[in-house]
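A short worksheet on the structure shown next.
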Amino acid sequence: MANAILEAHLARWRGQNIAVLGLGVSNRPLVKLLLAAGCQVTGCDRTPRERLDSDVLALEGQGLTLRTGPDYLDGLTADVVFRTPGMHPAILAPLRQAGAEITSEMEIFFQCCPCPIIAVTGSDGKTTTATLIAEILKAAGYRVHLGGNIGKPLLPEIDAMRPEDRAVVELSSFQLMDMDRSAHTAVVTNVAPNHLDVHRDMAEYVAAKKNVFAHQGSGDLVVLNLDNAITRDFAREAPGQVSFFSRQAVPERGVYLQNGIIYRTGPSGPVQVLEQGDIRLPGMHNVENYLAAIAAVAGQAPDEAIVQVARNFGGVEHRIELVREKDGVRYYNDSIASSPSRTIAGLRSFPEKVILIAGGYDKHIPYDVLGPEICRHVKRLIVTGATGEKIRQAVLAAPAYRPGCPEIISIADFDQAVHTAAEGAVAGDVVLLSPASAAFDRFANFTVRGRHFKELIQNL
């Protein structure tokens with residue numbers, strides 16, 4: 001059944017000049033949808049034409065006009081602009097001033113979606129929390145559509161969605177900046193410095209995160225991290241209902257951890273939901289992800305569905321993913337860790353001191369908090385990439401640092417850094433790729449970095 005709101009948009013767009021900015025995997029289904037509807041579409045990407053892959057070039061045969069290279073925005077005119085999620089809206093100010101409608105695939109999806117939406121944002125844990133929510137709802141019998149920043153656009157699938165379904169979307173701060181609608185249920189896992197290479201400052205980053213609940217109604221719900229000072233304060237501005245999750249305190253309403261048991265608050269007192277030992281995923285940060293997910297599905301999924309997922313769900317690729325065990329050494333891929341807080345969570349997942357590979361693209365975020373954690377949890381540190389020296393300096397400045405504790409090795413080449421880590425490992429060791437940095441200094445994204453790491457490990 002055709003979605004009436006989307007059909008109205010498409011009918012309006014057929015007579016207009018549409019520009020789609022960014023031709024990565026997430027925008028290609030959008031381009032195909034627009035072309036199939038008879039729209040005039042220009043695809044814009046800073047990647048030079050000779051470096052575009054065959055899938056993008058094939059879209060030319062379907063009617064797409066290409067603008068590529070470093071000057072791809074120069075002189076661009078359009079009636080409607082779909083921006084790529086990672087682009088700061090200020091870059092498009094000239095187009096907006098010229099009268100262009102600036103939107104995104106996710107904004108249109110929120111307007112058209114026929115079923116309740118659960119949106120997840122935060123500095124860390126977004127993907128795992130969104131995936132857990134989706135898995136729990138599936139176990140409860142719902143048909144679930146999982147997408148957004150997780151890597152899957154949902155707008156092209158909207159005709160298949162029914163009012164009784166559930167949509168679970170992961171949203172980045174960039175996607176949220178221009179949003180004028182909020183989900184029925186919003187989750188903020190935590191907020192810590194991140195993406196300050198794109199955002200003007202921390203205040204802008206925090207303001208973007210607030211947009212996930214800012215447009216809610218009185219009957220909507222926002223789930224907030226009680227243990228994070230920034231998200232705890234969000235409750236004052238929430239227009240709807242608030243539920244907290246915590247592993248350090250007992251909230252008035254929400255989900256919490258106490259003595260190894262996860263409880264939810266109820267009208268007659270606490271209700272046991274799950275034993276911490278039932279959770280298959282390693283690390284206290286994943287316990288927090290479960291707390292957030294359980295709070296988000298309250299009233300929609302029975303506790304039995306939560307327990308079923310906890311005992312069977314093995315995790316998401318690139319998130320403390322066990323790659324292999326060779327000669328008694330375990331190798332883990334935590335390529336998703338593009339910030340210090342994410343790497344800290346990964347380090348705390350292991351009882352033993354690890355061999356850590358860290359470093360990558362510089363997002364201009366501070367690393368001072370990482371130094372003490374590395375001293376506490378790392379036996380050998382191998383730094384690489386643009387942020388390698390910053391991480392090394394953070395360790396040297398840590399109060400607990402002593403020469404050789406941890407041993408620090410600086411290696412510019414990523415492949416050589418991985419091989420050095422493997423060569424120095426002995427039976428019982430853990431080798432962990434957890435860069436605390438984005439991948440863009442060498443790789444297209446953290447997924448490419450993680451898969452390259454896994455290939456190197458499999459070929460040892």
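Overview of results
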read-out	value
Exclusive hit being part of a loop (DSSP other than H, G, I, E, B) and either polar (S, T, N, Q) or more than 15 Å from ASP220 (Cβ to Cβ) (or both), set ASP178, ASP159	ASP178
Filter result for ALA37 (surrounded by fewer than 20 Cβ atoms within 10 Å (Cβ to Cβ) and touching a helix residue (DSSP H, G or I) at 6+ places or on another chain (Cβ under 6 Å))	yes
Out of ALA98, ALA90, sole residue that is open to solvent by 20 Å² or more (accessible area, probe 1.4 Å) and farther than 20 Å from ARG12 by Cα	ALA90
Any hit, the stretch 8-21, residues being surrounded by 15 or more Cβ atoms within 10 Å (Cβ to Cβ), modelled with pLDDT under 95, of a type in the set (D, E, K, R) and part of a helix (DSSP H, G or I)	no
Selection status of THR84, touching a residue at least 40 places away in the same chain (Cβ under 8 Å), surrounded by fewer than 17 Cβ atoms within 10 Å (Cβ to Cβ) and under 30 Å from TYR205 (Cα atoms)	no
Unique residue being modelled with pLDDT of 90 or more, charged (D, E, K, R) and in contact with a strand residue (DSSP E or B) (Cβ under 7 Å, 6 or more places away or on another chain) when the list is GLU107, GLU135, GLU170	GLU170
Residue within the stretch 194-216 that is touching a helix residue (DSSP H, G or I) at 6+ places or on another chain (Cβ under 9 Å), at pLDDT 90 or above and not in a helix (DSSP H, G or I) present	no
Test: residue in the stretch 380-400 that is outside any loop (DSSP other than H, G, I, E, B), in contact with a Pro (Cβ under 8 Å, 6 or more places away or on another chain) and open to solvent by 30 Å² or more (accessible area, probe 1.4 Å)	yes
Condition check for VAL250: outside any helix (DSSP H, G or I) and free of Cβ contacts under 8 Å to residues at least 24 places away in the same chain	yes
Residues that are farther than 14 Å from VAL41 by Cα and among the aliphatic types (A, V, I, L, M), drawn from the stretch 1-10	MET1, ALA2, ALA4, ILE5, LEU6, ALA8
Elements of type strands (runs of 3 or more DSSP E) contained in the stretch 39-108, each with 3 or more residues being on the phi < 0 side of the Ramachandran plot and of a type in the set (A, V, I, L, M, F, W, C)	80-82
Every residue from the stretch 116-145 that is part of a loop (DSSP other than H, G, I, E, B) and farther than 21 Å from VAL188 by Cα	ALA140, GLY141, TYR142, ARG143
Residue within the stretch 23-33 that is over 16 Å from LEU154 (Cβ atoms), open to solvent by 60 Å² or more (accessible area, probe 1.4 Å) and not basic (Lys, Arg) present	no
Residue in the stretch 154-162 that is modelled with pLDDT of 90 or more, surrounded by 23 or more Cβ atoms within 10 Å (Cβ to Cβ) and of a type in the set (D, E, K, R) present	no
From the options ARG51, ARG46, residue that is surrounded by fewer than 18 Cβ atoms within 10 Å (Cβ to Cβ), farther than 25 Å from GLU157 by Cβ, basic (Lys, Arg) and touching a Phe, Trp or Tyr at 6+ places or on another chain (Cβ under 7 Å)	ARG46
Of all residues making up the stretch 221-247, the number that are of a type in the set (D, E, K, R) and either in contact with a Ser or Thr (Cβ under 7 Å, 6 or more places away or on another chain) or in a loop (DSSP other than H, G, I, E, B) (or both)	2
Filter pass, ALA186 being buried (at least 24 other Cβ atoms within 10 Å of the Cβ) and in contact with a His (Cβ under 6 Å, 6 or more places away or on another chain)	no
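Each row is one residue, and each column tells you yes or no for (1) surrounded by fewer than 19 Cβ atoms within 10 Å (Cβ to Cβ); (2) among the β-branched types (Val, Ile, Thr).
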residue	(1), (2)
VAL255	no, yes
TYR263	no, no
GLY269	yes, no
GLU288	no, no
ASP303	yes, no
ARG311	yes, no
GLY314	yes, no
GLU317	yes, no
ASP327	yes, no
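Okay, residues lined up against (1) touching a Phe, Trp or Tyr at 6+ places or on another chain (Cβ under 9 Å); (2) touching a residue at least 24 places away in the same chain (Cβ under 8 Å); (3) within 21 Å of ALA192 (Cβ to Cβ):
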| site | (1), (2), (3) |
| --- | --- |
| GLY385 | yes, yes, yes |
| CYS405 | no, yes, no |
| VAL418 | yes, yes, no |
| ALA427 | no, yes, no |
| PHE446 | no, yes, yes |
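A quick yes/no check of all residues on (1) touching a residue at least 12 places away in the same chain (Cβ under 8 Å); (2) touching a Lys or Arg at 6+ places or on another chain (Cβ under 8 Å):
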site: VAL25; (1), (2): yes, no
site: ALA37; (1), (2): yes, yes
site: CYS44; (1), (2): yes, yes
site: LEU52; (1), (2): yes, no
site: TYR72; (1), (2): yes, yes
site: ALA78; (1), (2): yes, no
site: PRO89; (1), (2): yes, yes
site: GLN97; (1), (2): no, no
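The values are calculated or read from the model by the stated rules, or taken from the named source; none is laboratory data. Just so it is clear, the structure is predicted and the values come from calculations on it, not from any experiment. Using ideal geometry, Cβ is built from the backbone for each residue, glycine included, and neighbour counts are taken over all protein chains shown. Note: areas computed on protein heavy atoms with side chains; ligands, DNA, RNA excluded. Shrake-Rupley method; radii C 1.70, N 1.55, O 1.52, S 1.80 Å.
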